[in-house]
Amino acid sequence: MAVVTITKDNFEAEVTNSERTVLLDFWAEWCGPCRRLSPLIDELSEEHADVKFGKVNVDEQPELASKYGVMSIPMLVVFKGGEAVSTSVGVKPKSEIEAML
């Protein structure tokens, strides 16, 4: 499953109204740890077809970053039923990310 780019314009359709669990990766182009985490998110998206994976560029989507209290990146937020149920800041091993799902 491809990772979806999430913006304020498609957030409701892709996250709030999603039937599936959604994992969002809040990131920025200039963030070294974000670049290290990105291939792992891509890998997980291929292995977990039941979960929707999305990326939110905090520089391009400051409203979403503010709404979810993003102070440090990378930050992962898991949504179930349209509600944020867990968060994680920093690069985490694959097993920890899978445990969030």
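The values are calculated or read from the model by the stated rules, or taken from the named source; none is laboratory data. Just so it is clear, the structure is predicted and the values come from calculations on it, not from any experiment. When we count neighbours, we look across all protein chains shown, and the Cβ atoms used for this are built from the backbone with ideal geometry, even at glycine. Remember, those area values only see protein heavy atoms, side chains included, never the ligands or the DNA or RNA. Shrake-Rupley method; radii C 1.70, N 1.55, O 1.52, S 1.80 Å.
Limited to the stretch 1-52, what total is found for residues that are more than 24 Å from residue 71 (Cβ to Cβ) and small (Gly, Ala, Ser)?
Going through the stretch 1-52 one residue at a time, the tally reaches 5.
What is the residue count in the stretch 51-63 for residues that are open to solvent by 10 Å² or more (accessible area, probe 1.4 Å) and either aliphatic (A, V, I, L, M) or at pLDDT below 95 (or both)? So that I can check it myself, show each step before the final result.
Initially, the stretch 51-63 is screened for residues open to solvent by 10 Å² or more (accessible area, probe 1.4 Å), giving 52, 55, 57-63.
Narrowing further to those that are either aliphatic (A, V, I, L, M) or at pLDDT below 95 (or both): 58.
Selection size over the stretch 51-63: 1.
Scan the stretch 73-82 for residues that are open to solvent by 20 Å² or more (accessible area, probe 1.4 Å) and either more than 11 Å from residue 23 (Cα to Cα) or part of a loop (DSSP other than H, G, I, E, B) (or both) and jot them down.
If the condition is that a residue be open to solvent by 20 Å² or more (accessible area, probe 1.4 Å) and either more than 11 Å from residue 23 (Cα to Cα) or part of a loop (DSSP other than H, G, I, E, B) (or both), then 73, 81 are the ones that fit.
Could we say that residue 12 is part of a helix (DSSP H, G or I) and either among the charged types (D, E, K, R) or in contact (Cβ under 8 Å) with a residue 24 or more places away in the chain (or both) here?
Here the answer is yes, as residue 12 does meet what is asked.
From the residues in the stretch 1-50 that are among the aliphatic types (A, V, I, L, M) and open to solvent by 60 Å² or more (accessible area, probe 1.4 Å), which one is modelled with the highest pLDDT?
Out of the qualifying residues, it is 13.
Which of the residues spanning the stretch 83-101 are open to solvent by less than 70 Å² (accessible area, probe 1.4 Å) and part of a strand (DSSP E or B)?
Correct list: 84, 86, 88.
List the pairs whose first member sits in the stretch 46-72 and is farther than 26 Å from residue 30 by Cβ and part of a loop (DSSP other than H, G, I, E, B), whose second member is open to solvent by 20 Å² or more (accessible area, probe 1.4 Å) and hydroxyl-bearing (Ser, Thr, Tyr), and whose Cβ atoms are under 9 Å apart, counting only residues at least 6 apart or on separate chains?
Taking only residues 6 or more apart or on different chains, the pairs are 48/21; 50/21.
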